[in-house]
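The values are calculated or read from the model by the stated rules, or taken from the named source; none is laboratory data. Predicted model only: the values in this text are computed from it and were never measured. When we count neighbours, we look across all protein chains shown, and the Cβ atoms used for this are built from the backbone with ideal geometry, even at glycine. Remember, those area values only see protein heavy atoms, side chains included, never the ligands or the DNA or RNA. Shrake-Rupley method; radii C 1.70, N 1.55, O 1.52, S 1.80 Å.
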Amino acid sequence: LRLAVFILLHGGVLAISEKDKEKEEKVLRESIEAASIVRAKGDYNDDPNCKWPICAPVCDDCPSKGVGSCMIPGVDECTWSSKCKLGTCFCSKGYCAEGSQCKLRTCALGARPPPYVADSLVHRFANLGAELPPFNADKQDWQDYFDGCRKLPLILVVVGVCIGILTFILICFQLECEPSWMPTSPVLLLVLCVITVVVICTGVISRGTVVGENMDMIEEQMSRVDKSLDSAVSLAEELKTMAEEFEAVVKDLPTSCNSMVPGAKEMMGMASDKANEILFSLKQKVDAFSTVADLAHSVVTKMINAFWQVKVMVILVPMVPLVLMGLWTLAIAVATVLSWQSPDPNVAERADDAVIRFGAGGACCAMLVATVLTAMYLYCGIVAGGFCMNLDANVVSLTTTVNFTELSKFKFNIDPILNGAVQYYVFGSQENPIMSMIEDVERDATALYTVYTNASWAVQPAEMICTGIKNLNASQALQGCQQTVQFASELMSARNMYPYYDTFARELVCHRMLSGMNLLIIYTLVVSLILMPCVALLADVDLRKWERYKMNNYEQHYDMKYEAQERSPFLESALHAMPKYNLMQQQTSHPAQFT
């Protein structure tokens, strides 16, 4: 938006036919300095019918009209608060004409914007972090605050790593623990797996619902932006058409002059060349504005078209650790069921071996990844919660801290303009300096049109000599400038910009985003630090116990037909090595010894 306003302002400066780069920069600097002055005075408007953002700070109507003549140098001079333009005195930027004098422009405040009130969730996150920086905090104060918010997330990472390592060590050293109250079959393990999967599914669905609503809100706001950019593209096309028509008319001016008048064609040719220089520069700026509008419209359109992909990624990617832990738990449950219910000893033993051999490493890796990501979510939540505690004041303070002039490498100091704009949109405590700069363009164009109409005594005789002058429609040029200014004014008005701030900063970041982050942190911590270690330890203890039980009750637990069907020499030798199997074979060969 700042780039578009600068292009618009720059085009307006070129349109008033400044002669060189130095003078052009001087006009731009004066416009920025004039817009940086805070003119709004008094108190907020307490009228019940005055509601923000419809009722925003407004400035006095400042028509651009002459306040004197400066046609004869040294005789007719303008006052200190006005400047001479083509023989007429016009008020300087920041001043308004009242009769034959120029007075400082004044502005009045509108309604007070509704203050943001932090909810209980914001307070909970903020209380986990460092002390909030003061209102007039500098860059170092904010850096200290961000650093102070890292303590609790780092502690969480250390706790998660310790639990993961401890779980791994206990499993690797085969913890021998068989309480008498535990059933022989792995029922407890299956119940714990079901509880874990249910908790994970609940967390995934809950957070997915919240984030889905957030993304729908973002998509709605992007559609609003797309409509504004679509209007900007249409306006740019109209301006390009108008500039091309003027260029064609100016180009044909010399050929329209009466050849019977000596020197008319040559003089009009010189005027046409000068006008073409200005029109060429103006056309470049219009083309630049059109390019920016087309590019922005194209980018937003592509984002809207691919928004469902972004939506899926935003919903699923942060929940990858939960999903992985859920899949790992399901794998444990499936292997446990196979070990418990399969009549084939080969399948059961492979299931036991897979869980006991690979379960420890998988569980600990999933726990560590989930803990690190949860610490990152917690850090973001603490920073956002602290920032939202006093959202409006912190936005203004942070904007004041950042040096936008240095970041954008702009030639002039634009920080007062942007800081004033933030004060206007957030607090409504002053007029919009960007609007003031836009209005300066319209006043300059109006001043030129006034000079043109006042010089009709010279234009009319010129039309008799060069008929092409009749095709120069000055009112059309003024109308095109007014349309551009009106569009830019509507774009930068409080009723258009404030809903974005209210939706993104207050509703989305400080409420919905924190709600989704809160759900993600709670579910991930419960699963990674409580349920997953319990599943991993119980899987090791329970399945080893179940494996011993099966070995002690081999022929009662398994279907022996699988043994008879086995043809592998390796398994045959392994089976003969089993005590129960040898005992069964002896009983079959010598039944008399076992009557």
* Euclidean distance between Cα centres, segment 457-517 to segment 380-450, Å -> 18
* Ranked from highest to lowest mean number of other Cβ atoms within 10 Å per residue, what is the order of the peptides 158-167, 45-54? -> 158-167, 45-54
* Read phi for every residue in segment 32-44 and hand back ³J(HN,Hα) as whole Hz from Karplus 6.51 cos²θ - 1.76 cosθ + 1.60, θ = phi - 60°, with x for Gly and Pro. => 5, 5, 5, 6, 6, 6, 7, 10, 5, 9, x, 9, 5
* Pairs beyond 21 Å (Cα-Cα), from K139/K409; K51/K93; K41/K139; K41/K103; K240/K411 -> K51/K93; K41/K139; K240/K411
* Asked: If you roll a 1.4 Å probe over the heavy atoms of the protein chains, what accessible area per residue do you get for segment 82-149, in Å²?
  -> 55
* To do: Pull up all non-local amide H partners of G110: gap of 5 or more, or a different chain, and H-to-H distance under 5 Å with H placed in the peptide plane.
  => N45, V58
* Structure fact -> Highest mean packing first, using Cβ neighbours within 10 angstrom, the peptides 412-422, 136-146 sort as 412-422, 136-146
* **Under 5 Å, built H, 5+ apart or other chain: amide partners of Y116** => D392
* Would you kindly derive the ³J(HN,Hα) couplings of segment 102-107 from the backbone phi angles with the Karplus curve 6.51 cos²θ - 1.76 cosθ + 1.60 (θ = phi - 60°), listing them in order in whole Hz, with x for Gly and Pro? => 10, 10, 4, 6, 10, 9
* To do: Distance between Cα centroids, segment 29-50 to segment 88-158: provide it in whole Å.
  => 17
* **Long-range HN-HN contacts of A40 with modeled amide H, under 5 Å** => C107, E431
